[in-house]
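Below is one structure, written out as structure tokens; comments come after it.
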Amino acid sequence: MTAAAETTPFSCSDAGSADWPGVRPRLVTASAFMLFLELALIRWTGSNIVHLSYFTNFVLLGSFLGIGLGFLRVGRATRQPYYSPVTLAVLVLAVLIFPVTVDRQTEGVLYWTSLGTSGPPPWLILPVVFVAAAVVLMGPAELVGRCFPRLERLEAYRYDLLGSLAGIGLFTALSFLGAPPVVWGTVAALAYTVLLRPRTLRGRVALAVPSLVVVGALAAETLTAGALWSPYYKVTYDRFVWHGVPMMDIQVNGIPHQQAVPAANRLEWERQYALPYERAATRRPDDVLIVGAGSGTDVAIALRKGARHVDAVEIDPRLHELGGTYHPDRPYDDPRVTTVVTDGRAFLERTASRYDLILFALPDSLTLVSGASSLRLESYLFTREAMEAARDHLKPGGAFSMYNYYRESWLVDRLAATAQAAFGHKPCVDVVSQAGQQAVITAGLTADAQRCGAEWAGATALTPPPTGDDRPFLYLRDRTVPWIYLVTLGLILLVSALAVRAVAGPYRRMRPYADLFLLGMAFMLLETRSVTGFALLFGTTWVVNAVVFAGVLAAVLAAVEVTRRLPTPPLPVMYGLLLGGLALAWLVPDSWLLGLPVVPRAVAAVVVAFLPIFAANVVFARRFAGSADGTTAFGANLLGAMAGGCLEYLALVVGYQALLLLAGALYLGAFALLPGNARAGGAVRAG
């Protein structure tokens, strides 16, 4: 075999030919690998580059760009995409050699646990990661795209969706098992080997060397870091004895997160831990709920204060396991403690229990919900509706309390004002330390159920209003998109425009598919609204997130199957149904859905969220089936999704519900750009 074999345009092989596997298995495998690699990159880079803990959308946008470019390269490339594993190896080495911790306090955006900066500055590392993610994902996308012309349009899309579901399933299973990144790297190496199948020595070297580098580097990280991989973080810990006191420091994604300390010592060292019990009129609470139980120190304190029963809610299973195994007081072994691993807001919405004290114990997730640009794991805990839910679960005479290092006085006042709005009276506010604004906010069910040391001065004209479930951005002081986001997104769009021109040639090639570009933008907004809506209704857990993404893909697959097998109405009619679905989603408030029992809530939420998704994808499937150039049409749609990912940051200003209006406007624009022959088409069977 000569080197020329590696430069021959790759052809997706037919089943039964001399080349294995056939076109359909290869398409499913490549699609599964593409989505698996995207999820792995988002997760792993965020664990080593702290910027990306709060900019997960950054890697997602790079991935969309790369996937779109990969489709646009089909028919223009003459070599196998060995650039993908090579770039992946370079990215892995760069991130491991230059990991980043960052001072996460930037103008307009506030993050807790600000610890200084190490590693490359954000203006350097973020562009590198964005470009690298795009190049890495471009390879698998190119392999997927090369299979599309060998099948009928919707059949190819069908197998692409089946592969995507398989990729989500595999990554979800590995997350559930706590598999370390070396396993993810091994999966990637095997997938590259199966899909690229180098035929020359040069090709084998081009694949083997980067594969060995990736697996070896990730194996070294796994062995040296001693990390536990939860569904949310890379968790490391250090057990030691300080002045005779056994302790455990826990870090997540390289950031000090919490300490497991005996309750007696914690109460002696930091007054904030005792204040909730001092400010509550019931000095010895029988039933206590702790949200953010973590490694167990707050649970141990509640037991020491005389609680007869404690419900300990913690979202991260690894943090709970560490506390259960190594906390000096072993609070999770106490028969008075019931542990629930779930989202705190979701627990409040579904429990029927009542408590003497509800405590939000330093809930600081240090990460965002994957697929939602600005939603943190704990965002829905700090809204007015969340505090009202806590109020509704208090016994007569009960109290609600929360504490943390809030860093800004306006943030303390904002949370106190939120508690006042929820409880109907001023809460107790104790600023324990001006350094870092270490504060405790306590509100009794009634004013008589709290004992304040001094009266809170109240909100001022400069205090931001309480946050709500539609716009739960506690740390965003003003209703604006911070400049750091605007500059970053502007650069992303500029780089993307240049990359599309360089890879795909003149833009006129995509001009006939401008409507598909807008469909991609609108669908991304629709997906974001679904992710955030389900996070509110059922929790911001990784399980809910995975189920929602799988559900979206399943709805898309159902739309494709209906279009392939059954007569569907003309596109103008389908656009009308789509806009009707958006109107329904707009008219049904989340507050109404939250008031339903879990099962009816799930049914109603699925109907409201997935009806417009289904209709939108019937529209796309009809339009895609009739496109003259399938790979270019699909690439245009994916690039539109990337642009939609940038547009979703408008939720910081208008809230998540308003994204439905923006999506509706984009769908109307897509209809206006619909070619005349597609608009006039009757009810046809596409398959």
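The values are calculated or read from the model by the stated rules, or taken from the named source; none is laboratory data. All of these numbers come straight from a predicted model, not from anything done at the bench. Glycine gets a Cβ as well: all are built from the backbone with ideal geometry, and neighbour counts include every protein chain shown. SASA here: full protein model, heavy atoms, side chains in, ligands and nucleic acids out. Shrake-Rupley method; radii C 1.70, N 1.55, O 1.52, S 1.80 Å.
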- Note on the structure: Exactly one of D430, D413 is touching a Gly at 6+ places or on another chain (Cβ under 9 Å), charged (D, E, K, R) and under 30 Å from W592 (Cα atoms), and that one is D413
- Residues of region 424-438 being part of a strand (DSSP E or B), in contact (Cβ under 8 Å) with a residue 24 or more places away in the chain and farther than 18 Å from P464 by Cβ, in sequence order, are C428, D430, V432, Q438
- Can you tell me which of L662, L650 is at pLDDT 95 or above, at negative phi, within 24 Å of the chain's Cα centre (by Cα) and not acidic (D, E)? L662
- region 594-620 - residue that is without any contact (Cβ under 8 Å) to a residue 60 or more places away in the chain and open to solvent by less than 10 Å² (accessible area, probe 1.4 Å) and, of those, nearest to L348 (Cα to Cα): A615
- Give V205, V183, V187 a once-over and let me know the one that is assigned to a helix (DSSP H, G or I), within 24 Å of R318 (Cα to Cα) and without any contact (Cβ under 8 Å) to a residue 60 or more places away in the chain. V183
- Task: State whether one or more residues within region 236-255 are of a type in the set (A, V, I, L, M) and open to solvent by 60 Å² or more (accessible area, probe 1.4 Å).
- Result: yes
- What is the one condition in (1) modelled with pLDDT of 90 or more; (2) in a helix (DSSP H, G or I); (3) surrounded by 17 or more Cβ atoms within 10 Å (Cβ to Cβ) that Q657 does not satisfy? (2)
- Query: Just checking, how many residues over region 320-378 are modelled with pLDDT of 90 or more and either part of a loop (DSSP other than H, G, I, E, B) or under 27 Å from L596 (Cα atoms) (or both)?
  - Reply: 30
- Six or more apart or on different chains, Cβ under 9 Å: which pairs go from a residue in region 312-326 that's surrounded by 23 or more Cβ atoms within 10 Å (Cβ to Cβ) to one that's charged (D, E, K, R) and assigned to a helix (DSSP H, G or I)? Could you list them? A312/D298
- Message: Could you go through region 533-550 and let me know if any residue there is surrounded by fewer than 18 Cβ atoms within 10 Å (Cβ to Cβ) and over 25 Å from Y656 (Cα atoms).
- Response: no
- Item | Lone qualifier among L518, L537, L557, L587 - being at pLDDT 90 or above and within 24 Å of M387 (Cβ to Cβ) | L537
- Message: Take E152 and tell me if it is touching a residue at least 12 places away in the same chain (Cβ under 8 Å), acidic (D, E) and open to solvent by 30 Å² or more (accessible area, probe 1.4 Å).
- Response: yes
- Message: Would you confirm whether or not region 594-616 contains a residue that is farther than 23 Å from L536 by Cα and in contact with a helix residue (DSSP H, G or I) (Cβ under 9 Å, 6 or more places away or on another chain)?
- Response: yes
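Can you tell me which residue within region 292-330, out of those that are over 16 Å from Y232 (Cβ atoms) and among the hydrophobic types (A, V, I, L, M, F, W, C), is nearest to the chain's Cα centre (by Cα)?
A312
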- Query: In this structure, is Q420 closer than 17 Å to L362 by Cα and of a type in the set (S, T, N, Q)?
  - Reply: no
- Task: Consider L88 carefully, then state whether it is over 18 Å from the mean Cα position of the chain (by Cα), surrounded by 24 or more Cβ atoms within 10 Å (Cβ to Cβ) and either at negative phi or of a type outside the set (K, R) (or both).
- Result: yes
- Item | Tally of residues being open to solvent by 30 Å² or more (accessible area, probe 1.4 Å), in contact with a strand residue (DSSP E or B) (Cβ under 9 Å, 6 or more places away or on another chain) and part of a loop (DSSP other than H, G, I, E, B) across region 392-423 | 2
- Hey, does region 274-282 have a residue that's buried (at least 24 other Cβ atoms within 10 Å of the Cβ), of a type in the set (A, V, I, L, M), at pLDDT below 95 and more than 18 Å from E378 (Cα to Cα)? yes
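Can you tell me which residue within region 283-311, out of those that are assigned to a loop (DSSP other than H, G, I, E, B) and in contact with a helix residue (DSSP H, G or I) (Cβ under 7 Å, 6 or more places away or on another chain), is surrounded by the fewest Cβ atoms within 10 Å (Cβ to Cβ)?
Residue satisfying both the conditions and the ranking: R283.
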- Item | In region 268-282, the residues that are outside any helix (DSSP H, G or I) and among the hydrophobic types (A, V, I, L, M, F, W, C) | A274, A280, A281
